[in-house]
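For reference, the structure is listed below as structure tokens.
The values are calculated or read from the model by the stated rules, or taken from the named source; none is laboratory data. Because the structure is a prediction, the values reported are computed rather than measured. Neighbour counts run over all protein chains shown; Cβ positions are idealised from the backbone, glycine included.
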Amino acid sequence: MTPGRPAVPPAVEEITARQARRAALAAQGFSRRRPATVTAAGVSRVLDRLGVVQIDSVNVLCRSHYLPFFSRLGPYSTDLVDRAANHGPRRLVEYWAHEASYVAPATHRLLRWRMDRVADDAWGSVRSIATERPDLLEAVVEHVAVHGPTTARRLEAALTPQGTRPTEHWGWNWSDVKRACEHLFFAGRLSAAGRTRQFERLYDLTERVLPAAVAALPVPDPADAVRELVRIAARATGVATEPSLRDYFRLSPQRSRTAVAELVEAGELEPVRVRGWAAHRPAYRVPGTPAPRVRARALLTPFDPLVWHRERTRELFGVEVRLEFYVPRERRVHGYYVLPFLLGEDVVARVDLKADRTAPAPDGTGLLRVEASWAEPGAPAETAAELAEELHDLAGWLGLAGVVVAERGDLAPALSRAVAGAFRRSGH
């Protein structure tokens, strides 16, 4: 075996792209029926299956980390997620896993090697604060140790003399205190005890955030930790190429390729060839990975693990999913906050959604606005009706009194009619 390169035996099993898609959907929890009642255990099972749930500040619909649970469980109380993340013993802990993400406490421990590389891997201003202001880092840790969980904004007020506090250093232009907090968070000395209503991190000492049993465990060897991260990614993806396994926890090519090669040699992963995928790139799966037929119906946040790796989404579903938040309005193709719609085993449509919480509605306040709706090529005839039902469920979960479909998009006329029918059937 050549170190650092995935081992590919000359003869590997060939599977169809449909089988690979089914394996991926089942691995992500879409082959299970939604439960009648969602409990804390159900939320924990989703995280166990996914391994990581991305956090994002965009709030045009709702906080993105709530949506993967809704996509798999249906309507549920978001308090279940909040309690798991904000109150001990925590079942969700925040760190730079994929991007800013929730992971299980045991997975947080597997990322210790990344924390130790803060001087090399953190971005410029967060990295440099350690050499520019080492005294500030220690002052932040001391204040948090004494006073408990706090935001960077409150720390700014506590540590900066009155009259010299900057007012312009929020948002993208961070103050030294914010940079110090982020450095300490990256380094694992501070963690997030929760988030405020404004979505600011509440920083606390990591040993107070992690469950005591996890905090007391020895730090794993970096190579062992990376292999375990690849195992988690492989279980969560079903069938995936090495770049997709690598992307799941944002590993370096060298670390990922070495771990994949070692897991193949150990028999924990097996290479497969997926018909229609790039011939020069083998895919991998855990031996015995199931590929059942799937009858799913779900709207997917663009940060859902099923679709967040764009190349993989193209291979699995034949669709391009682009984030257009930062694209000028006139240049957006599909819209600002666009969710793919999964029906059965296919992505059949996409919708640009917005929660308008102050809009008056006939039966209350708040509307789910479908700013644009688009059918994918070959979408089945029932797409509009099924999507209307899912939008109805989403609106109810968000506490919105209705759904309004704008005229933009080739699916809009049929979806508008279907939405009206869905709400009549529900008694609205």
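Checking each residue in region 14-26 for being of a type outside the set (D, E, K, R) and either out of contact with any strand residue (DSSP E or B) (no Cβ under 9 Å at 6 or more places or on another chain) or over 14 Å from Ala233 (Cα atoms) (or both) picks out Ile15, Thr16, Ala17, Gln19, Ala20, Ala26.
Of the helices (runs of 4 or more DSSP H) entirely within region 20-114, those holding at least 1 residues that are at pLDDT 95 or above, over 13 Å from Pro305 (Cβ atoms) and in contact with an Asp or Glu (Cβ under 6 Å, 6 or more places away or on another chain) occupy 105-110. Mind checking which helices (runs of 4 or more DSSP H) fall wholly inside region 121-189 and carry at least 3 residues that are at pLDDT below 95, farther than 26 Å from Arg109 by Cα and over 28 Å from the mean Cα position of the chain (by Cα)? In region 121-189, the matching helices (runs of 4 or more DSSP H) lie at 152-159.
Scanning region 316-345 for residues being modelled with pLDDT of 95 or more and charged (D, E, K, R) gives a total of 1.
When each of Val319, Val327 is tested for being part of a loop (DSSP other than H, G, I, E, B), more than 17 Å from Ala236 (Cα to Cα), in contact with an Asp or Glu (Cβ under 9 Å, 6 or more places away or on another chain) and free of Cβ contacts under 8 Å to residues at least 60 places away in the same chain, the lone residue that passes is Val319.
Scanning region 62-118 for residues that are surrounded by fewer than 19 Cβ atoms within 10 Å (Cβ to Cβ), of a type in the set (S, T, N, Q) and within 25 Å of His183 (Cβ to Cβ) yields a single hit, Asn86. All conditions but one from (1) surrounded by 14 or more Cβ atoms within 10 Å (Cβ to Cβ); (2) closer than 19 Å to Ser64 by Cβ apply to Arg322; the one that does not is (1). Determine whether region 292-314 contains at least one residue that is touching a helix residue (DSSP H, G or I) at 6+ places or on another chain (Cβ under 8 Å), in a helix (DSSP H, G or I) and of a type outside the set (A, V, I, L, M, F, W, C). Yes - at least one qualifying residue is present in region 292-314.
When Pro305 is tested against (1) under 23 Å from His108 (Cβ atoms); (2) surrounded by fewer than 23 Cβ atoms within 10 Å (Cβ to Cβ), exactly one condition is not met: (2).
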